[in-house]
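To start, the structure itself, in structure tokens.
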There are 2 protein chains.
Amino acid sequence: MIAEKMKGYVANSSIIRAMFEEGKNLAAKIGAENVYDFSLGNPSVEPPKHVKESIIEILNEENSMEVHGYMSNAGFESVRKTIADSLNKKFGTYFNENNILMTVGAAGGLNVILKTLLNPGEEVLTFAPYFGEYNNYVANFDGKLLAVTPNTVDFQPNIEEFETKITAKTKAVIINTPNNPTGVVYSEETIKKIAAVLEKKQNEYNTSIYLIADEPYRELAYDGVEVPYLTKYYNNTIVGYSYSKSLSLPGERIGYLVIPNEVDDYDDVFQAACVANRILGFVNAPSLIQKVVAKCIDAEVDIDVYNRNRELLYNSLIKYGYSCVKPEGAFYLFVKSLEEDDKAFAQAAKKYNLLIVPGSAFGCPGYVRIAYCVDYAMIERSLPAFEKLANDYNK
Amino acid sequence: MIAEKMKGYVANSSIIRAMFEEGKNLAAKIGAENVYDFSLGNPSVEPPKHVKESIIEILNEENSMEVHGYMSNAGFESVRKTIADSLNKKFGTYFNENNILMTVGAAGGLNVILKTLLNPGEEVLTFAPYFGEYNNYVANFDGKLLAVTPNTVDFQPNIEEFETKITAKTKAVIINTPNNPTGVVYSEETIKKIAAVLEKKQNEYNTSIYLIADEPYRELAYDGVEVPYLTKYYNNTIVGYSYSKSLSLPGERIGYLVIPNEVDDYDDVFQAACVANRILGFVNAPSLIQKVVAKCIDAEVDIDVYNRNRELLYNSLIKYGYSCVKPEGAFYLFVKSLEEDDKAFAQAAKKYNLLIVPGSAFGCPGYVRIAYCVDYAMIERSLPAFEKLANDYNK
């Protein structure tokens, strides 16, 4: 009796659940410490201590009716102002509270902005490999997600193909940098090229094309790499942010959208986004946690932990003969499959109790994603397994 | 550039915002203490002290990675079990954790279950007067909301008309008791009649018709009135609950769906609802607050505060010549407009600084909603204004 559209989603989700169940069964059989689960993009670093301190301060100092109460659908004005000020300080932007809309995580924010913008049949572009949930978010509003094929040399977007894929129906482009699943940070040069193509195509079709920057991994960048702030390169940019990774609060569902004054029809877009937040059933981002992220505006998780993991795993895999673009951000390695069929390869890895995700799930077959947001000790224990797996293919 | 569908929503929401702005301007002009704002259904009673204590206990005793981390899209298993056990104790039901899906408030829950069930063009019935957001929630999935006309004698649903409105396309019926805006609790007799009609029509059309009980006001019931638990009367019942009112946590966005084993295609429905929770962008209900509501499972706000408000306002209005069905639940009076046009009446009330909502907003013209979730002292101060307003019509 469920909706027709849901049937496909459920079937797909059963596969993931089957993988998860398989992992659990394996752990029961051989012990959890002998299963090397690299399948989940789940933060492995504790939230900063200031999160707990902030919660207690708020509970002790503020009125409980306000802390847990309704506010404007956009969120607490003071929280939005704190975030705008912080972005301005970091990136030299000129935002104020009316450019910030607090959301139920980045997933909530993406749904809000797609509901705001998309008419049925309109197109949204993204660059493969990409986070598979974008398919669902765009389908929620009867839009059409189209992916530019991956540039597997360095996983910077393929700009030539991008340009050919834009049509009069293109309403938005979603980009995700640092990227899930590659960990690659799109360079300033890439961003400038994307912006130039979009400007040209907007003029050509006399349309507005919104660039949606999905940025849950912004703060997870290594080796001092710069992650360009996209609103500075293209006026029609909307940023979706999440504190899931930067403060290790994925369960709390807290993030925000930045809708700059410079976007076309700013007034309509911001107001419609607030309404969309309400009618999609989010109503507002969770209230206490809104106040917490404002108090923790300068806090960050200890990314050195991820960096150590990255170095150990990357260097080891290269030594064993795997090939991989060394990622500068996020917490993933995107490794070339040792056989053409990435699903078969991920299946073969299970023989050594290695759980990794086929690249097909991200629109990029022939690769696998290895999430290194795990214990360092587990990586150490897993290395012989990766080596044996490689040896099986080098015989 | 916003989506066509959004334009109507934004226009509509501008009217509400205009009302809100008008109230703010009035407050600035004559002082907030002289504005009698009865327009918002916003809890006015503090959360129980146990909420704060629970948060601090959780932060001190549990691992911060779990407290703020991802869990299954359905929510923490232990939280779901605590809720199932509590419902079983209260209502003699037989739920377990696999019947409970934690949601981002009742609004989130309703969207999840409608996404799960509705195909485009399918019909959802409700009884006027009803919460206007149902229109938006059903439209989100291209369903069609149809309202049974109000029975203004006692605001129990009109069962005869209900029966005639059910078709082969009817996929769900939303009921809300205690009701917003009337405060009326649907009697056990009413519930039995609704169940009988649904059974009959399911057989007649060979369909499944899901009864969705939207229950944010369940605990706000006065004079010892019984609010029937609907799963006991009709197998295809799904309950949507919220802690917004029972614990005064509306900003936290926390609630749950109950999907009993007895509903048709239980396995598919529960699994699809978990997937819908994910792909709509909720992902999961906020994690810390999930744990809080489990710890506060037996806590309740002090509803005597609302009851005192109810008695004072109801008795006073009746004395001044207003007519109103005395509500047994929620925190609203639904009062007959003193002129045919409820919008004109609400406008006339502003002359005395009274802010009330026209019944047309709830599909029931000729009435106004007066929300008494306000300070008792404000009600006392407002009484001369209500009296003068009545006198204007009795000249």
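The values are calculated or read from the model by the stated rules, or taken from the named source; none is laboratory data. Being a predicted model, the structure only gives us computed values, none of them experimental. Virtual Cβ from ideal backbone geometry, glycine too; neighbours counted across all protein chains shown. For the accessible areas, the whole protein counts, side chains as well, though only heavy atoms, and no ligand, DNA or RNA atoms are used. Shrake-Rupley method; radii C 1.70, N 1.55, O 1.52, S 1.80 Å.
Quick notes
- B:ASN42 meets all of the listed conditions (1) modelled with pLDDT of 95 or more; (2) outside any helix (DSSP H, G or I) but one, namely (1).
- Residue ID - nearest to the other protein chains (Cβ to nearest Cβ), chosen from residues in the range B:123-136 that are open to solvent by 10 Å² or more (accessible area, probe 1.4 Å) and closer than 28 Å to B:GLY75 by Cα: B:ASN136
- Checking each residue in the range B:315-324 for being open to solvent by 40 Å² or more (accessible area, probe 1.4 Å) and in contact (Cβ under 8 Å) with a residue 12 or more places away in the chain picks out B:GLY321, B:SER323.
Results for (1) touching a residue at least 24 places away in the same chain (Cβ under 8 Å); (2) open to solvent by 20 Å² or more (accessible area, probe 1.4 Å); (3) at positive phi, shown as yes or no for each residue.
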{"residue": "B:SER337", "(1), (2), (3)": "yes, no, no"}
{"residue": "B:LYS351", "(1), (2), (3)": "yes, yes, no"}
{"residue": "B:ILE356", "(1), (2), (3)": "yes, no, no"}
{"residue": "B:SER360", "(1), (2), (3)": "no, yes, no"}
{"residue": "B:TYR372", "(1), (2), (3)": "yes, no, no"}
{"residue": "B:MET378", "(1), (2), (3)": "yes, yes, no"}
{"residue": "B:LYS388", "(1), (2), (3)": "yes, yes, no"}
{"residue": "B:TYR393", "(1), (2), (3)": "yes, yes, no"}
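- With respect to the stated conditions, A:TYR70 is in contact (Cβ under 8 Å) with a residue 24 or more places away in the chain, facing chain B (nearest Cβ under 8 Å) and among the hydroxyl-bearing types (Ser, Thr, Tyr).
- Taken together, the residues in the range B:262-275 that are open to solvent by 10 Å² or more (accessible area, probe 1.4 Å) and in contact (Cβ under 8 Å) with a residue 40 or more places away in the chain amount to 4.
- The set of residues from the range B:230-241 being open to solvent by less than 10 Å² (accessible area, probe 1.4 Å) and more than 10 Å from chain A (Cβ to nearest Cβ) comprises B:LEU230, B:TYR234, B:THR237, B:ILE238, B:VAL239, B:GLY240.
- Residue under evaluation B:GLY8, criteria (1) small (Gly, Ala, Ser); (2) over 24 Å from the mean Cα position of the chain (by Cα); (3) more than 8 Å from every other protein chain (Cβ to nearest Cβ), criterion not met: (2)
- Taking the range A:96-122 as the range and being open to solvent by less than 20 Å² (accessible area, probe 1.4 Å) and not in a helix (DSSP H, G or I) as the test, the residues that pass are A:ILE100, A:LEU101, A:MET102, A:THR103, A:VAL104, A:LEU118.
- Selected residue [farther than 16 Å from A:THR152 by Cα and surrounded by fewer than 19 Cβ atoms within 10 Å (Cβ to Cβ)] from A:ALA330, A:ALA344: A:ALA344
- Residues of the range A:177-200 that turn out to be more than 23 Å from A:CYS364 (Cα to Cα) and open to solvent by less than 20 Å² (accessible area, probe 1.4 Å), as a count: 3
- Scanning the range A:1-21 for residues that are surrounded by fewer than 13 Cβ atoms within 10 Å (Cβ to Cβ) and closer than 15 Å to A:LYS343 by Cα returns A:ILE15, A:ALA18.
- Among the residues examined, B:ILE259 qualifies as over 30 Å from B:LYS326 (Cα atoms) and buried (at least 23 other Cβ atoms within 10 Å of the Cβ).
- Elements of type helices (runs of 4 or more DSSP H) contained in the range A:250-321, each with 2 or more residues being more than 13 Å from every other protein chain (Cβ to nearest Cβ) and under 19 Å from the mean Cα position of the chain (by Cα): A:304-319
- Verdict on B:ASP223 being more than 9 Å from every other protein chain (Cβ to nearest Cβ), under 28 Å from B:GLY41 (Cα atoms), without any contact (Cβ under 8 Å) to a residue 24 or more places away in the chain and surrounded by fewer than 23 Cβ atoms within 10 Å (Cβ to Cβ): no
- Residues that are within 25 Å of B:GLY255 (Cα to Cα) number at least 1 in the following helices (runs of 4 or more DSSP H) confined to the range B:127-244: B:133-139, B:188-205.
- Inclusion of B:ILE2 among residues that are over 22 Å from the mean Cα position of the chain (by Cα) and over 30 Å from A:TYR137 (Cβ atoms) is not warranted.
- Applying the condition of being more than 9 Å from chain A (Cβ to nearest Cβ) and acidic (Asp, Glu) to the range B:22-55 and asking which residue is surrounded by the most Cβ atoms within 10 Å (Cβ to Cβ) yields B:ASP37.
- For A:LEU211, the test of being closer than 20 Å to A:LEU125 by Cβ and at pLDDT 95 or above is passed.
- Scanning the range A:66-90 for residues that are buried (at least 17 other Cβ atoms within 10 Å of the Cβ) and in a helix (DSSP H, G or I) returns A:VAL67, A:VAL79, A:ARG80, A:THR82, A:ILE83, A:ALA84, A:LEU87.
- B:ASN140, sole failed condition from (1) in contact with a strand residue (DSSP E or B) (Cβ under 9 Å, 6 or more places away or on another chain); (2) open to solvent by less than 20 Å² (accessible area, probe 1.4 Å): (1)
- Residue among B:GLY75, B:GLY31, B:GLY23 that is within 28 Å of the chain's Cα centre (by Cα), modelled with pLDDT under 95 and of a type outside the set (Lys, Arg): B:GLY23
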